[in-house]
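The values are calculated or read from the model by the stated rules, or taken from the named source; none is laboratory data. Quick caveat: nothing in here was measured; it's all calculated off a predicted structure. Ideal geometry is used to build each Cβ from the backbone, glycine not excepted, and the neighbour counts take in all protein chains shown.
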């Protein structure tokens, strides 16, 4: 699966390069009354980034939920964009992420890429996380207080691979690049309907059941699994709109629901229940939000991208498990004119 991810990542970058090379400067593929192209300027920015991979298990009859989250890090880095090419690198700052005593230690490898052409938004990710904590212990531990350490599960491991591709119908007036890559400027408010497809593979396993000991009696034995993998492929469609205020302030909202055919494989420890496998229909809700100040010389703001996958663990365990992947970025950047360019 890792090889498949990097093959998709390489192929997608090649696709975006070819699409960018096809855009002739004398025949822009956008309405110049709405969009200004700034890709011929060198854009350099500093940024902070936090990625996450969460999952939760639900008991529909008792309405009990257990939420697991990794100990997320806030990393800082530097990046640049010029023409179609962009590159960035971020590093962990130890004294900022000094909370292992409360949330435990998480080992991770998280690679995410978001590629925007004039008409396409392409997302691909590969995630490996080891070490989680219970996000909502107060819902089942009456004496627990927020200042206490969260219950921790260093044995839980998740692996996720996924991707999506969305086509923007109104790409001549609506620019995702202006908001999420800052290689363009959006002169007027505009939006677009979106349509595309996605795939996802998610696996979570642990040494024992994911249900905390205190809740064992509240969950049916069929919920006490310690290994689950799901794979889905589906279609998605939605709408995105960027509001331009004072000519330079962008507020961008995107909502893209989707549906997929999903297969699953569930296993139990010590044979407490029969292993299960099969397929079912599942849902996905993808969202983006951005608040950006964008001028020709400098830009700043923050963006967030989140994918929420909702589905059964089997036909008779409806909505027993869901998971979420996402990223939050905040940044400050400057643009520089390359010598020899005419403006």
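Checking the stated criteria, residue 195 turns out to be outside any helix (DSSP H, G or I) and surrounded by fewer than 19 Cβ atoms within 10 Å (Cβ to Cβ). In the condition set (1) under 23 Å from residue 284 (Cα atoms); (2) part of a strand (DSSP E or B); (3) in contact (Cβ under 8 Å) with a residue 60 or more places away in the chain, residue 250 is compliant with all but (1). Filtering 105, 67 for residues that are at pLDDT 90 or above, assigned to a loop (DSSP other than H, G, I, E, B), over 18 Å from residue 304 (Cα atoms) and touching a strand residue (DSSP E or B) at 6+ places or on another chain (Cβ under 8 Å) leaves a single hit, 105. Looking only at the stretch 274-288, filter to residues that are over 21 Å from residue 165 (Cβ atoms) and crowded, with 18+ Cβ neighbours inside 10 Å; which one of those is nearest to the chain's Cα centre (by Cα)? It comes out as 280. Among the residues making up the stretch 71-97, those that are assigned to a loop (DSSP other than H, G, I, E, B) and loosely packed, with under 13 Cβ neighbours inside 10 Å are 94, 95, 96. The single condition from (1) over 20 Å from the mean Cα position of the chain (by Cα); (2) farther than 25 Å from residue 302 by Cβ; (3) modelled with pLDDT of 90 or more that residue 20 fails is (3).
Residues are listed down the side, and each one gets a yes or a no for (1) closer than 17 Å to residue 240 by Cα; (2) assigned to a helix (DSSP H, G or I):
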| site | (1), (2) |
| --- | --- |
| 174 | yes, no |
| 178 | yes, yes |
| 188 | yes, no |
| 204 | no, no |
| 208 | no, no |
| 217 | no, yes |
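Of all residues in the stretch 197-216, those that are without any contact (Cβ under 8 Å) to a residue 24 or more places away in the chain have Cβ atoms under 9 Å from Cβ atoms of residues that are surrounded by 20 or more Cβ atoms within 10 Å (Cβ to Cβ), 6 or more apart or on another chain, in 216/209.
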